[in-house]
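Here is the structure we will look at.
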Amino acid sequence: MPTRPTEPQSSAARNIYAFGITSFLNDTATEMAYWVLPAFLVSLGAGPAQLGLIEGVAESVASFAKLFSGYLTDRIDRRKPLVVAGYAVANAVKPLLALATAWWHILLIRFSDRLAKGVRGAPRDVMVAQSVPKERLGSAYGLIQSMDSAGAIAGPLAALVLLTRFGIRGVFWAAAIPGALCVMVALFGIRETKQRASDSNLAEKSDRASSERAGKAAEAAVPTRAGEGLPGAFYVVLMAVTLFSLGNSSDMFLVMRAQNVGIPVAMAPLLGLVFNLTYTLGSWPAGWFSDRFSRRWIAAAGYLIFAAVYFVFGRAPSTLAIWITMAVYGLYYALTQPVLKALVVESVTQEVRGRALGVYFFATSVATLVASLVTGELWKHYGASVPFYFSAALAAVSAILLVIAPAGTAHRLPAIIA
């Protein structure tokens, strides 16, 4: 009898670690290519406008893929095939960057890469949520995010070493190695999850079943349309995050701004290393802390850090300031990425987690598309500083919106006393 409860816990722990290793390898491959992409685009005759178009189109297709996969996730029993296929396609196209001879080739490759990421995002995050109890959501997402950003450290380091010997195209070819390992771990390491896999004991199951029955009764009494089953707390978060995302353009603009200030092209991967170091170190503690305090306040702090970083990039007083600010930028990611996922998942019932994540990813991706296009045009017509000041202002407003939400949505606040 004592062994029965430990089997699901052991399987859940295996799943979290498998997702973490998969994320590490995938991000290693991605970041090897990502941080040298602006320089590669310049070598092909492209500039900020083309970069904005590429990243904008890539994010737009990802947004629709995330919305579709979110709704699909709630309607299928086996989610692992979607996750594995997403990793397989993304890592099959990355090495093709080495064959690109025009900027539109990169557009097609980024299109495929982001499409695959969009397809795997919601099912993966729902599987994570089903692998742990609700009170450990932040820690689980934080651990996986730390592994993911650790790959974002390994990737730029590998690119830095390979650049001097094999050039940019050699870096793209080398990305195939961690990419292939990522697909193998996803295929053989991740296990399928089932509904209520996160329940830790019979009492918790009973309480959750009662709340779900009450939720279903309320939904039946009040007919809704597209937003059925998604409560007001979810939409408050969505509104704040979407507004923020309208100023959250591709990080490639940060790299381009750094090069504009005087940081050499060869140092671009090191910029990625600096920011991902703080991202890696901060993600798990931020997720763990969000299980014990208000997730909205923690995410708002991340937004304020973003605002400060973009303000400094707008002024760009020195190359030293850029290096320091890039390190601080990792704290923004750590305080928002795992925390906001946990906030979205806990604000809805199990039956609509995929839908909630899909809508969340869709809204932020569409806003990021607009942000990348707007940043490219603002830079082109008004100079480099203006788009960074604009992004900083939106981030500050979003932080305020996130913390002044109606009291009814701040259900995490008493958790610090429990």
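Under 13 Å from residue 247 (Cα atoms), at pLDDT below 90, part of a helix (DSSP H, G or I) and open to solvent by less than 10 Å² (accessible area, probe 1.4 Å) - does that describe any residue in segment 349-368?
The answer is yes, given that some residue of segment 349-368 is under 13 Å from residue 247 (Cα atoms), at pLDDT below 90, part of a helix (DSSP H, G or I) and open to solvent by less than 10 Å² (accessible area, probe 1.4 Å).
What pairs can you find where one residue is in segment 80-94 and over 19 Å from residue 111 (Cβ atoms), the other is of a type outside the set (Asp, Glu), and their Cβ atoms are less than 6 Å apart, with a gap of 6+ or different chains?
80/190; 83/120; 83/123; 83/124; 84/186; 84/187
When you look at residue 307, is it within 16 Å of the chain's Cα centre (by Cα) and assigned to a helix (DSSP H, G or I), yes or no?
The answer is no for residue 307.
Taking the options 12, 92, name whichever one is at pLDDT 85 or above and of a type in the set (Gly, Ala, Ser).
Sole residue among the options that is at pLDDT 85 or above and of a type in the set (Gly, Ala, Ser): 92.
Quick test for you: out of 98, 116, pick the one residue that is over 20 Å from residue 370 (Cα atoms), assigned to a helix (DSSP H, G or I) and in contact with a Lys or Arg (Cβ under 8 Å, 6 or more places away or on another chain).
Among 98, 116, only 98 is over 20 Å from residue 370 (Cα atoms), assigned to a helix (DSSP H, G or I) and in contact with a Lys or Arg (Cβ under 8 Å, 6 or more places away or on another chain).
Of a type in the set (A, V, I, L, M) and either open to solvent by less than 20 Å² (accessible area, probe 1.4 Å) or in contact with a Pro (Cβ under 8 Å, 6 or more places away or on another chain) (or both): is that true of residue 327 in this structure?
no
Return the residues of segment 299-320 that are among the hydrophobic types (A, V, I, L, M, F, W, C), in contact (Cβ under 8 Å) with a residue 40 or more places away in the chain and open to solvent by 10 Å² or more (accessible area, probe 1.4 Å); say none if nothing qualifies.
If the condition is that a residue be among the hydrophobic types (A, V, I, L, M, F, W, C), in contact (Cβ under 8 Å) with a residue 40 or more places away in the chain and open to solvent by 10 Å² or more (accessible area, probe 1.4 Å), then 301, 304, 307, 308, 311, 316 are the ones that fit.
Kindly evaluate residue 110 against the criterion of being under 30 Å from residue 383 (Cβ atoms), buried (at least 17 other Cβ atoms within 10 Å of the Cβ) and among the basic types (Lys, Arg).
yes
If residue 171 meets every condition in (1) surrounded by fewer than 24 Cβ atoms within 10 Å (Cβ to Cβ); (2) over 22 Å from residue 67 (Cβ atoms); (3) among the β-branched types (Val, Ile, Thr); (4) in contact with a helix residue (DSSP H, G or I) (Cβ under 7 Å, 6 or more places away or on another chain) apart from one, which number is that one?
Among (1) surrounded by fewer than 24 Cβ atoms within 10 Å (Cβ to Cβ); (2) over 22 Å from residue 67 (Cβ atoms); (3) among the β-branched types (Val, Ile, Thr); (4) in contact with a helix residue (DSSP H, G or I) (Cβ under 7 Å, 6 or more places away or on another chain), residue 171 violates only (1).
Going through 285, 264 one at a time, which residue ends up being without any contact (Cβ under 8 Å) to a residue 24 or more places away in the chain and of a type outside the set (Phe, Trp, Tyr)?
264
Could you tell me which of the residues 53, 25 is at pLDDT below 85, assigned to a helix (DSSP H, G or I) and within 23 Å of the chain's Cα centre (by Cα)?
Just a single option satisfies the conditions, and that option is 53.
Output the number of the condition that residue 340 fails; it satisfies all remaining conditions of (1) closer than 30 Å to residue 163 by Cα; (2) open to solvent by less than 50 Å² (accessible area, probe 1.4 Å).
Result: residue 340 fails condition (1) only.
How many residues, within segment 319-355, are among the hydrophobic types (A, V, I, L, M, F, W, C) and within 13 Å of residue 129 (Cβ to Cβ)?
Of the residues in segment 319-355, 6 are among the hydrophobic types (A, V, I, L, M, F, W, C) and within 13 Å of residue 129 (Cβ to Cβ).
For the structure I just gave you, tell me whether residue 40 is more than 30 Å from residue 191 (Cβ to Cβ), open to solvent by less than 30 Å² (accessible area, probe 1.4 Å) and either not in a loop (DSSP other than H, G, I, E, B) or not small (Gly, Ala, Ser) (or both).
yes
The values are calculated or read from the model by the stated rules, or taken from the named source; none is laboratory data. Since this is a predicted model, take the numbers as computed values, not measurements. FYI the Cβ positions are ideal-geometry reconstructions off the backbone, even for glycines, and counts take in every protein chain you see. When the accessible area is computed, the model is the full protein with side chains, heavy atoms only, and any ligands, DNA or RNA have been set aside. Shrake-Rupley method; radii C 1.70, N 1.55, O 1.52, S 1.80 Å.
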